[in-house]
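Here is the structure we will look at, set down as structure tokens.
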Amino acid sequence: MRPTIFLFVVVVLLAIMDGSRAIAEEDVDQRGGQIERLRRQGFPLMDLHVHLKGGLTLEQALEKSRQTGITYGIAPNCGLGFPITDDSGIARFMESMKGRPVYLGMQAEGREWVKLFSREAVEKFDYVFTDAMTFTDDRGKRVRLWIPEEVRIDDPETFMEMYVDRILLVLNTEPIDVYVNATYLPARIAADYDRLWTPARSQKVVDAAVKNRIAVEINARYRIPSAAFIQRAKAAGVKFTFGTNNSDADLGRLEYCLDMIDACGLTSQDMFVPDSRSDPEHLR
């Protein structure tokens, strides 16, 4: 490549990088302004689905909270094959978090969790949430939807009927406050989300949430549920939470959740706020 052409390419690349950086900085400024505006309006900006994993420490989470203005709920994974499997594990977690200015949530994993923990231990948390990503399918196999090797989908429509049935079983029988990762689809059929989550299927889930007074999470990581589902749930009186469900130390700024506030006209009255036993006092 001739020197003049090389220099031209370098200049163009630097310009593109500067432009991208400017756009990113503008987005950060806009998000910060949106967060501050919502705070002034009394909107409860909370990320109630934060895990201390992937290098994220409690101190880092608290510092991030101070920077962003978003209150965090720290949630350990509790269930078969997860870090906490019994009441003594819950007791140790509670002791480690004593006096810390965060909400404490329990992520109840799998369908076995209701038999692993006592009611007294579960009630130590400010709120309890679960998803429907682990269940026993029609073949009698335990399935985890985020693991492709465990998911068998011969016909998407048949799978969805079975999946919705499992979601309803969770919402109707498990003592939870929040349904998280709501409307998640395995990778193989995720691109067909809008087609597979029909109004009829969505309404069944919404009705069960209303019946059992269960809030629905708007998830920043997976960018679900869709605006259509959120609007349907809002119209029925469902409450919402925001959650990151982080796999590493990057918590972001609840970008998708902030977008859904505007897109769906969410107000503070639409939000679930934990009945705190840990008395979180957000640090500024």
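Nothing in this text is a laboratory measurement; each read-out follows from the coordinates by a stated rule. Since the model is a prediction, treat every value here as computed from it, not as a measurement. Every residue, glycine as well, gets a Cβ built from its backbone with ideal geometry; the counts of neighbours run over all protein chains shown.
How do Ser202, Ser96 line up, fewest other C-beta atoms within 10 Å first?
On the way: Ser202 19, Ser96 11.
Ordered by Cβ neighbours within 10 Å, fewest first: Ser96, Ser202.
Per-residue ellipticity at 222 nm computed for the chain from its helices equals -13500 deg cm²/dmol, with DSSP H segments shorter than 4 residues left out and the rest contributing -39,500 (n - 2.57).
Annotation: lysines with alpha-carbon distance below 24 angstrom to Lys211 (same-chain offsets under eight excluded): Lys115, Lys234, Lys239.
Counted residue by residue at 0.36 nm each, then reduced by the alpha carbon distance between them, the extension gain from Arg223 to Asp192 reaches 9.7 nm.
Between the Cα long axis of helix 156-173 and the first principal axis of the chain there is an angle of about 60°, rounded to the nearest 10. With the convex hull drawn around the C-alpha atoms of the chain, the volume per residue stands at 172 Å³.
For Asp248, Asp177, Asp270, Asp137, the sequence from fewest to most other C-beta atoms within 10 Å is Asp248, Asp137, Asp270, Asp177. Listing Asp262, Asp207, Asp192, Asp154 from fewest to most neighbouring C-beta atoms within 10 Å gives Asp154, Asp262, Asp192, Asp207. Taking Lys and Arg as +1 and Asp and Glu as -1, the other residues whose beta-carbon sits under 9 Å from that of Phe240 total 0. Note on Asp155 and Ser268: the extension gain reaches 36.6 nm, defined as 0.36 nm multiplied by sequence separation minus the Cα-Cα distance. For the chain, the longest principal axis of the alpha carbon atoms and the long axis of helix 255-264 meet at an angle near 80°. Positive-end ranking of Pro274, Leu185, Asn246 along the dipole of the chain, with charges on Cβ about the Cα centre, is headed by Pro274. Tell me the angle of helix 227-236 to the major Cα principal axis of the chain, expressed in degrees between 0 and 90 and rounded to the nearest ten. Helix 227-236 and the main axis of the chain meet at about 40 degrees.
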